[in-house]
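I have placed the structure first, in the form of structure tokens, so that the comments after it can refer back to it.
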Amino acid sequence: MSTTFLFLAVFSTAQIPGLNYDESKVPVYTLPDPLTFNNGEKVTTVEQWEKKRRPELLEFFSSQMYGRTPKEKIRVTYQIVSENPNFMNGKATAKQVKFIFTNDGKNVQALLLLVLPNGSKEKIPVFVSYNYGGNHSTTFDTTIVYSPSFALLRIPEQPDRERGRSVSRWPYEQILERGYGIATMFFEEIYHDSTVRLEWEEQSIAALFTGYNLSAAKAPDQWQALGAWAWGSSRIVDYLETQEWVDMEKIIIMGHSRQGKAALWAGAQDERFKMVISNNSGSCGAALSKRAFGEDIARILRHPHWFCPAFSQYVKNEAALPFDQHELIALIAPRYVYIASAVEDYGADPKGEYLSGYHAGPVYELYGLKGLESEVQPPLNQPVMNDIGYHIRTGGHDVTDYDWACYMDFADKHFGKPK
């Protein structure tokens, strides 16, 4: 395979010319009601929601946005690469597990890193979260190996090859002290994030599925990167289910930026994620598309390989969307969901992210749960932790210690503090 590569996008807090950052220019819009069936009738019971309305909304997102997740089962085998019970001076056990996905003579490999607190008295709650630079980027510890496929994705001169490059996003010590474990994997081992088409797609998990079209002439509802990343998160949970030390009632998925989008889609489809966290997911994640604020659909589709081809019909046509992202949040009910924004992350539309959580509230209320009660965002650095949680913090597009502290506070509140 060629070593052609693209650098990961660097997100700036600067405003991008040509996009709308003026609230007075947000178009007048009407959001679809998550509790109204496609035929116009109202949802009045949980049973109606679960048996009819929820499937209607899943069909919208599957057929017109993220693509249809294949039902085909891909064989997965696991190989233990290493297990170090003295990680971080004995505070944790680090376990590295190679996943080998196989179908029709082809295989794709990915490496899972588990970081688990030592001395837990009960089963361990686990955060499932992709990393952007390889497992080695999350720590300076040299026992954490480079993933087998990393050399195919990053040439030697690329900064992502540097060990510990992303440690600021992975405060392992604080997470372990709170009693939580981490399951992380390099997201590009599931689907390479590149618009360089065929050679990269052939190395992705999607190419293992029978009938997946590698050519440019894809079916309108064919899944691509976001769908594949969501699918990969669920395969991590499959492995966790085989481990007796895991508390399967406290599996939390957390995703940042494009992986925040994938985390929400994974959480909407897989009810084993008992808590779903979106960190700065923005356009086509938590933020309402119809506001056309910050990154709009035209801008986000500079990454056409993230979505199914049908989504392109809404470029500069957000008003025509028969659904919006508040309904993606609603699909997670009655499980817990937390949305996080950053005040300088203009492109992600922090107000639109909040409003998405707010307008998902009626579905949570149907279950007797508590959403975001006010249409007005809370002040900076003052989290709201109902069954839908939210904060907006100082700073820009990133994952910070403050974010992690809020996520663990939210989990402590709803699951109880780990022992």
Computed [θ] at 222 nm, deg cm²/dmol, the chain (DSSP H ≥ 4; -39,500 (n - 2.57); rounded to nearest 500): -6500 deg cm²/dmol
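Please label the shape of the range 288-392 as rounded, prolate or oblate, based on the square roots a ≥ b ≥ c of the eigenvalues of the alpha-carbon gyration tensor (a/c under 1.5 means rounded; beyond that, a/b larger than b/c means prolate, else oblate). Display every interim value, and only then the final one.
Numbers: a/c = 2.33, a/b = 1.48, b/c = 1.58.
In terms of gyration-tensor shape, oblate.
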Residue exposure sequence - Asp238, Asp193, Asp412 - by fewest surrounding Cβ within 10 Å: Asp238, Asp412, Asp193
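Of the peptides 298-305, 24-31, 353-360, how do they stack up when ordered by the mean number of other Cβ atoms within 10 Å, highest first? Let's see the in-between values first.
On the way: 298-305: 17.0, 24-31: 10.8, 353-360: 26.2.
So the order, starting with the most tightly packed, is 353-360, 298-305, 24-31.
Gain in length, Gln109 to Thr77, computed as 0.36 nm per residue apart minus the alpha-carbon separation, to one decimal in nm? Could you put the intermediate results ahead of the total?
On the way: separation 32, 0.36 × 32 = 11.52 nm, distance 0.98 nm.
Here the segment from Gln109 to Thr77 would lengthen by 10.5 nm.
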Packing-based ranking, highest mean first, of 284-291, 78-85, 259-266 given that Cβ atoms within 10 Å are counted: 259-266, 284-291, 78-85
Highest to lowest packing among 324-337, 177-190, scored as the average C-beta count within 10 Å: 324-337, 177-190
Neighbour-count order for Val43, Val399, Val376, fewest beta carbons within 10 angstrom listed first: Val376, Val43, Val399
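From the square roots a ≥ b ≥ c of the eigenvalues of the alpha-carbon gyration tensor of the range 58-127, which class results: rounded (a/c under 1.5), prolate (a/b over b/c), or oblate? Walk me through the numbers before you get to the answer.
Numbers: a/c = 3.55, a/b = 1.74, b/c = 2.04.
Cα axes put the range 58-127 in the oblate bin.
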Long-range amide H partners of Ala92 with built H, under 5 Å: Phe87, Asn118
Alpha-carbon centroid distance for the pair the range 298-357 / the range 40-97, whole angstrom: 19
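Please arrange Ser137, Ser120 by how many other C-beta atoms lie within 10 Å of their C-beta, fewest to most. Show your work: numbers first, answer last.
On the way: Ser137 25, Ser120 17.
Listed from fewest to most nearby Cβ atoms, that is Ser120, Ser137.
We did not get these values from a lab; they are worked out from the coordinates using the rules stated. The model shown is predicted, which means the values in this text are computed figures rather than measured ones. Using ideal geometry, Cβ is built from the backbone for each residue, glycine included, and neighbour counts are taken over all protein chains shown.
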